[in-house]
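In what follows, a structure is listed as structure tokens, so that the remarks can point back to it.
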Amino acid sequence: MAMPGEATAASAGYYFPVSPLLLFPQSRGDFGVYLRLSDRYMLWAHPDEPFSAQNLKNLSANGVEEVYVLTAHREQFEAYLERNLGQVLSDDATPMAARAKVFYNASVGLVKEVFHNRLPASLGVEQHQKLLRFATLGVRFLLREDSIKSLASLISHHYQTYSHCVHVFVYATAMLGRLGLDEETMVQTGLGALLHDIGKTKITRKILDKPGKLTESERAQVQAHPVLGAGLCAQVPLSHAALNGILFHHERVDGGGYPAGLSGPDIPLPVKVLAVADVYDALVSKRAYAPARAAFDALSVMRQELDKHLDPEAYRELVLVLSGAEIV
């Protein structure tokens with residue numbers, strides 16, 4: 001694919017970045033693809049021009065980690081991704097490591113887009129349906145052999161709300177699969193995992209990124225995020241399983257959690273699983289107020305919380321998932 005000339009718009013605000021892994025061989029999208037050269041954007045592929053396998057390999061060989069699409073064509077790109085993602089993830093002819101990279105880039109990009117670019121007052125029906133379709137594809141992919149192992153090296157340990165939600169989805173789905181839950185329950189719980197911290201988008205970064213101890217007022221604001229999250233999703237038909245994940249992921253088996261103070265028997269098993277995944281990913285991630293812990297150290301800390309805060313069965317499944325993925 002030749003670069004016929006410089007893109008007419010010079011400002012970066014006209015473009016958004018895309019991983020080349022999300023351009024699939026022999027597919028085509030009704031959007032142009034650009035390369036960034038210093039402060040200029042050069043057209044790499046015309047709208048409706050097929051992405052050849054060789055040209056995509058050339059991007060990789062040249063170390064290109066991001067290509068660009070016009071912001072005005074964001075919806076066209078998202079539609080293209082939805083059309084092609086399921087086929088790529090289920091294609092056994094594609095190495096699992098490559099599919100894992102596609103899955104991770106797509107999932108983090110989707111949740112980031114919903115949380116930061118498409119979330120005014122509440123979650124919309126279109127966003128809900130998009131996340132639900134992705135959760136379905138994601139559950140089916142994550143239950144494939146070696147998918148979690150292939151994802152292990154991709155998971156970032158620098159905490160961001162949107163990537164954290166993806167990580168919790170990954171761990172929780174793997175755990176629920178081991179427990180033998182049906183696909184519909186896993187999909188709905190997965191949707192809840194993808195959205196479980198959406199309420200944090202209503203809390204200022206000054207509080208979320210504060211390096212020191214929170215004041216009582218600040219802590220109260222942070223602890224309001226499950227209820228804020230449920231409020232943001234009030235306009236869409238969330239299932240009980242998905243809503244439970246948003247509202248109750250900080251409940252603890254001894255009743256000392258929030259917002260409702262539920263105790264062990266009253267907390268659904270999928271929520272207990274989500275809570276364990278949530279705590280683990282937070283511990284192994286670098287945050288403003290705490291360094292990232294090694295996986296074994298994080299599990300040791302969590303073990304001390306069994307019977308008080310965390311469910312022992314869910315914890316055991318997490319250990320087995322991490323062991324199977326050769327993380328510990």
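Summary table below
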item	result
Enumeration of residues in the range 122-136 that are hydrophobic (A, V, I, L, M, F, W, C) and modelled with pLDDT under 95	LEU123, VAL125
LEU247 free of Cβ contacts under 8 Å to residues at least 60 places away in the same chain, part of a helix (DSSP H, G or I) and touching a Lys or Arg at 6+ places or on another chain (Cβ under 6 Å)	no
Whichever residue in the range 229-257 is surrounded by fewer than 17 Cβ atoms within 10 Å (Cβ to Cβ) and out of contact with any Leu (no Cβ under 8 Å at 6 or more places or on another chain) and, among such residues, is nearest to PRO312 (Cα to Cα)	ASP254
Single residue of the range 258-306 satisfying the filter (out of contact with any Asp or Glu (no Cβ under 7 Å at 6 or more places or on another chain) and among the polar types (S, T, N, Q)) that is surrounded by the fewest Cβ atoms within 10 Å (Cβ to Cβ)	GLN304
Those residues of the range 304-328 which are among the basic types (Lys, Arg) and touching a strand residue (DSSP E or B) at 6+ places or on another chain (Cβ under 9 Å), in sequence order	LYS308
Any chance SER11 is at pLDDT below 95, farther than 23 Å from GLN87 by Cα and exposed (fewer than 15 other Cβ atoms within 10 Å of the Cβ)	yes
Pairs where the first residue, in the range 274-301, is within 25 Å of ARG178 (Cα to Cα) and the second is basic (Lys, Arg) and part of a loop (DSSP other than H, G, I, E, B), C-beta under 9 Å, 6+ apart	ALA275/ARG252; LEU283/ARG293; VAL284/ARG293; SER285/ARG293; SER300/ARG293; VAL301/ARG293
Flag for LEU194 being touching a Phe, Trp or Tyr at 6+ places or on another chain (Cβ under 7 Å), closer than 21 Å to TYR280 by Cβ, modelled with pLDDT of 95 or more and buried (at least 16 other Cβ atoms within 10 Å of the Cβ)	yes
Number of positions in the range 258-286 that are under 17 Å from the mean Cα position of the chain (by Cα) and not aliphatic (A, V, I, L, M)	5
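The values are calculated or read from the model by the stated rules, or taken from the named source; none is laboratory data. These figures come from a predicted structure and were not determined experimentally. With ideal geometry, Cβ positions are generated from the backbone for all residues, glycine too; neighbour counts draw on all protein chains shown.
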